[in-house]
Amino acid sequence: MLKCDMAIDPKTGSPDLTRLPHVVIVGGGFGGLEVARGLAHKAVRVTIVDRHNFHTFLPLLYQVATAMLEPAEVAYPIRTVFGKAENVRFRHGLVSHVDHERHAVVLSDGEEIVYDHLVVATGATAAFFGIPGASQHAIPLYSLADARRLRNRLLSALEHADAVADTAPIGLNFVIVGGGPTGVETSGALSELIKTVIKRDGLKLDRTRVRVILVDQAPRLLTPFPESASAYTLRELERMGVEVEFGRSVVEVEEHAIRFADGERLRVAAVVWAAGVTAHGTLASDVQESTGPGGRVRVSPFLQIAERTDAWAVGDSAAIPSGENAFYPQLAPVAMQSGRHVAAQILRQINGKPLVPFRYKNKGIMATIGRHAAVATLPKGPTIKGTAGWLAWLGLHLWYLVGFRNKLRVMINWTWRYFDWPSGPRLIVADAETAD
Ligand SMILES: Cc1cc2nc3c(=O)[nH]c(=O)nc-3n(C[C@H](O)[C@H](O)[C@H](O)COP(=O)(O)OP(=O)(O)OC[C@H]3O[C@@H](n4cnc5c(N)ncnc54)[C@H](O)[C@@H]3O)c2cc1C
């Protein structure tokens, strides 16, 4: 039952949801879920629309791609999250555009959902910077489907190398583009996967001929972190057998090759695209006449979409001002805090109270490199490296992972791997290349 003071249908004695203000949240990611959590059991009617019927825990996608975790362990049905909240419903569908004049979101199947308040929480997508062939041949990591596709590609390449090992031993190159947290985490995990398939699965691979190459234009890894963290990360990756190349620009990606600005063309088994994100091409670029930086929606300090009082944006889709011409980074904590803030502001506005500007509480940033190796930088505090950083990373990710069953399964998986027991879903699911 709803705990709030709510309109009651006199005939049935049940809450009459149709008389309540309708909040439509597009996107059930970190930001959208927090908006809905803040409005659950309150005197509003909430509809979450998402093209997937599950929430995806994006920070662990690389573990699905490298066969450490199952897809179902990092995803959770949105309906289940709000099973007990009568005022929250879920609609599975893709929103194709927003009609501000008619106060409606329009779905790709033609249905229109009318709102009193709209929240855009559609996140971002991979940025390919117009590099020829990149969007066709490189694999980004932005959805569960991407992670499954990458896992299939990696495992298939390793199996093929084993299959021909006796007749024609081949060299294998895996290139990861982008030395941010996703690129670092994926290259470390891929290196561990290769070690595992050789040691545990007995694949006939010459480790010295299987190259994991991490390339970046920048002169160091993990640029938002202090230089000492970058230097530590480089040492750890190299210790794990990852080749790190700085100052390298990709100019083209072909089906089985990558070309660099210096003219080198390298044959590859897979290219992982971790070079950056954009909101161009997402719903965010449709809700305003001119988009903000990176295609994001410009919002006021209250997180209202500029010049509108009934539309809000949160998380990666929003350019949230942090100062003059400065914006908060596209990170999960920003998405969650902005989601909570918008829920509170909608309730304040409905109740005739003044709005409060958004203030981000910076809790630091972290990235993992491999077993016992991670970096965590606390705001105004030290950078924690090694096992302590790794344990902090594990704890935090477990805490924020949605669903008790998922937490338990991931914890068991990680414990299993910690003791170096053979584990992991190293399965090539045949139809996943095309499945979404
Ligand atoms: C691989 C990877 C690793 C990351 N690691 C970290 C990390 O370690 N730490 C950290 O702080 N941040 C990390 N991030 C960033 C973090 O995940 C994002 O900042 C966060 O997910 C943003 O939340 P959001 O709600 O704005 O968007 P998302 O979580 O992306 O959710 C957007 C939702 O909108 C839905 N959607 C989009 N368009 C439509 C549409 N038109 N119609 C219907 N539904 C739609 C999507 O299906 C999705 O469910 C990582 C991101 C990636 C991709």
Those residues of segment 17-48 that are surrounded by fewer than 24 Cβ atoms within 10 Å (Cβ to Cβ) and of a type in the set (A, V, I, L, M) come to a total of 5
Residues in segment 75-121 that are of a type in the set (K, R) and within 14 Å of the ligand (Cβ to nearest atom) total 2
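Determine, yes or no, whether A344 is in a helix (DSSP H, G or I), within 11 Å of the ligand (Cβ to nearest atom) and modelled with pLDDT of 95 or more.
On the way: in a helix (DSSP H, G or I): yes; within 11 Å of the ligand (Cβ to nearest atom): no; modelled with pLDDT of 95 or more: yes.
So A344 does not fit the description; no.
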I'd like to check something: does segment 47-55 contain any residue that is under 30 Å from V106 (Cβ atoms), more than 10 Å from the ligand (Cβ to nearest atom) and not in a helix (DSSP H, G or I)? yes
F129 meets each of (1) away from the ligand (no atom under 14 Å from the Cβ); (2) modelled with pLDDT under 95 with one exception, condition (2)
Tell me yes or no: at least one residue of segment 88-108 is crowded, with 17+ Cβ neighbours inside 10 Å, within 30 Å of Q304 (Cβ to Cβ) and among the charged types (D, E, K, R).
yes
Checked pairs for segment 97-125, first on the phi > 0 side of the Ramachandran plot, second aliphatic (A, V, I, L, M) and part of a loop (DSSP other than H, G, I, E, B), C-beta under 9 Å and 6 or more apart or across chains, list as G123/A279
In segment 277-331, anything without any contact (Cβ under 8 Å) to a residue 12 or more places away in the chain and among the hydrophobic types (A, V, I, L, M, F, W, C) is listed as A326
| said: Among the residues of segment 256-279, are any buried (at least 23 other Cβ atoms within 10 Å of the Cβ), more than 18 Å from I131 (Cβ to Cβ) and touching a helix residue (DSSP H, G or I) at 6+ places or on another chain (Cβ under 8 Å)? | reply: yes
Filtering strands (runs of 3 or more DSSP E) wholly in segment 221-268 for at least 2 residues that are β-branched (V, I, T) gives 242-245, 250-253
Discussion item. Condition first: more than 16 Å from the ligand (Cβ to nearest atom), in a helix (DSSP H, G or I) and farther than 26 Å from Y418 by Cβ. Can you find one or more residues in segment 184-203 that meet it?
Written reply: no
Selection from segment 46-65 of residues polar (S, T, N, Q) and touching a strand residue (DSSP E or B) at 6+ places or on another chain (Cβ under 6 Å) yields T47, N53, T56
Is it the case that some residue within segment 320-332 is crowded, with 21+ Cβ neighbours inside 10 Å, over 22 Å from A229 (Cα atoms) and within 12 Å of the ligand (Cβ to nearest atom)? yes
Among S96, S135, the single one that is modelled with pLDDT of 95 or more, hydroxyl-bearing (S, T, Y) and assigned to a strand (DSSP E or B) is S96
Checked G241, G202, G180 against criteria (on the phi > 0 side of the Ramachandran plot, in the same structural domain as A257 (by TED's automatic domain parsing), in contact with a Ser or Thr (Cβ under 8 Å, 6 or more places away or on another chain) and of a type outside the set (F, W, Y)); the one match is G241
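The values are calculated or read from the model by the stated rules, or taken from the named source; none is laboratory data. Computed from a prediction, not measured in an experiment: that's the story for all the values here. Methodologically, a virtual Cβ is constructed for each residue, glycine included, from the backbone with ideal geometry; neighbour enumeration extends over all protein chains shown.
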